[in-house]
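The values are calculated or read from the model by the stated rules, or taken from the named source; none is laboratory data. The structure displayed is predicted, hence computed values, not measured ones. Cβ placement follows ideal geometry from the backbone for every residue including glycine, while neighbour counts extend to all protein chains displayed.
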Amino acid sequence: MTQALYLENSYRKECDAIVVSVKDGKFIVLDQTIFYPKGGGQPWDTGNITKGNEVYNVVYVGKFSGEISHEVDRESLREGDMVHCALNWERRYKLMRSHTAAHVFASLLCEGTGALVTGNQLEEDRIRFDFSLEKYDREILNKYVDKANGLFRKDIPVKWYELLREEALKIPGVIKMAEALPPDIPYLRIVEIVGVDKQADGGTHVRNLREIGQIKLLKTKNKGKYNRRVYFTLV
Ligand SMILES: [Zn+2]
């Protein structure tokens, strides 16, 4: 099982690794990785894997039957190769800032209006957020954007740690989305924005809300009677 270094330290930009297996020439499994695989509403990391002076661009990272698979743009890595991994940090850092921002916004909106989160997808340049709420308008949303931006000016730490599943499930609102209920594992990873939110989450986050900057509402859409879709961006 690949050691997922991004879960412990989301700021790690490089690591050495050993190729554990290669499938169809281009799908690489490593003994450890800093590359985040697509999942939980967060896109995959890009970057490169180098062996000596050969450079392999990482174009996709996914999880298949529990294994983290890195798709590279050319063949010739072999099992047992010693390689070096480097992230496209600009992309990843933006996704970390967006991901933490999405948790703050969701938490404020749900607490303030009783809205239910039904979906959440980060993209490199925007954050999509689906929720169910009967009464709503742009004013209401802007109010929560302003609230979130207020918190992003404060020195508020973000922590992540594991909790026994049964302890974790006692935290009110720890699972924001029904379909996100994690698999039957003994420990859940909790992402805590101190004093704001605690969620079971496997994504990568910033360590302090001050790193986010500010967010701006881009557009809103009605998707049926109670379903709303909104887009934000970091500014
Ligand atoms: Zn999340």
| task | Could you run through the stretch 13-66 and say how many residues are within 30 Å of residue 103 (Cβ to Cβ) and among the polar types (S, T, N, Q)? | result | 6
| message | Condition first: more than 16 Å from the ligand (Cβ to nearest atom), buried (at least 18 other Cβ atoms within 10 Å of the Cβ), more than 25 Å from residue 11 (Cα to Cα) and not small (Gly, Ala, Ser). Can you find one or more residues in the stretch 178-194 that meet it? | response | no
| task | Could you tell me which residue of the stretch 214-235 is modelled with the highest pLDDT, considering only residues that are surrounded by fewer than 15 Cβ atoms within 10 Å (Cβ to Cβ) and outside any strand (DSSP E or B)? | result | 235
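Counting just the residues of the stretch 49-92 that are of a type in the set (S, T, N, Q) and without any contact (Cβ under 8 Å) to a residue 40 or more places away in the chain, which one comes out nearest to residue 206 (Cα to Cα)? Before you say what the answer is, go through the steps one by one.
Our first condition is that a residue be of a type in the set (S, T, N, Q); within the stretch 49-92, this holds for 50, 53, 57, 65, 69, 76, 88.
Still in the running and without any contact (Cβ under 8 Å) to a residue 40 or more places away in the chain: 50, 53, 57, 65.
Working: 50: 27, 53: 32, 57: 25, 65: 28 Å.
This residue is 57.
Criterion first (within 16 Å of the ligand (Cβ to nearest atom) and polar (S, T, N, Q)) does residue 233 satisfy it? Walk me through how you get there before you give the answer.
Details: within 16 Å of the ligand (Cβ to nearest atom): no; polar (S, T, N, Q): yes.
In short, no.
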| said: Condition first: of a type in the set (A, V, I, L, M) and not in a helix (DSSP H, G or I). Now tell me which residues in the stretch 70-122 satisfy that. | reply: 72, 77, 82, 83, 86, 87, 115, 116, 117, 122
| remark: Within the stretch 1-32, the count of residues that are assigned to a strand (DSSP E or B) and touching an Asp or Glu at 6+ places or on another chain (Cβ under 9 Å) comes to 11
| request: With respect to residue 155, determine if the residue is within 29 Å of residue 5 (Cβ to Cβ), part of a loop (DSSP other than H, G, I, E, B) and free of Cβ contacts under 8 Å to residues at least 40 places away in the same chain. | output: no
| task | Please state which one of 226, 161, 231, 144 is more than 15 Å from residue 129 (Cβ to Cβ) and aromatic (Phe, Trp, Tyr). | result | 161
| Out of the stretch 40-67, which residues are under 26 Å from residue 130 (Cα atoms) and of a type in the set (A, V, I, L, M, F, W, C)? | 44, 61
| query | Taking the stretch 64-96 only, how many residues are within 16 Å of the ligand (Cβ to nearest atom) and within 11 Å of residue 27 (Cα to Cα)? | reply | 0
| said: Going through 197, 201 one at a time, which residue ends up being under 15 Å from the mean Cα position of the chain (by Cα), within 14 Å of the ligand (Cβ to nearest atom) and closer than 29 Å to residue 34 by Cβ? | reply: 201
| query | Has the stretch 124-132 got at least one residue that is out of contact with any strand residue (DSSP E or B) (no Cβ under 9 Å at 6 or more places or on another chain), at pLDDT below 95 and within 24 Å of residue 59 (Cα to Cα)? | reply | yes
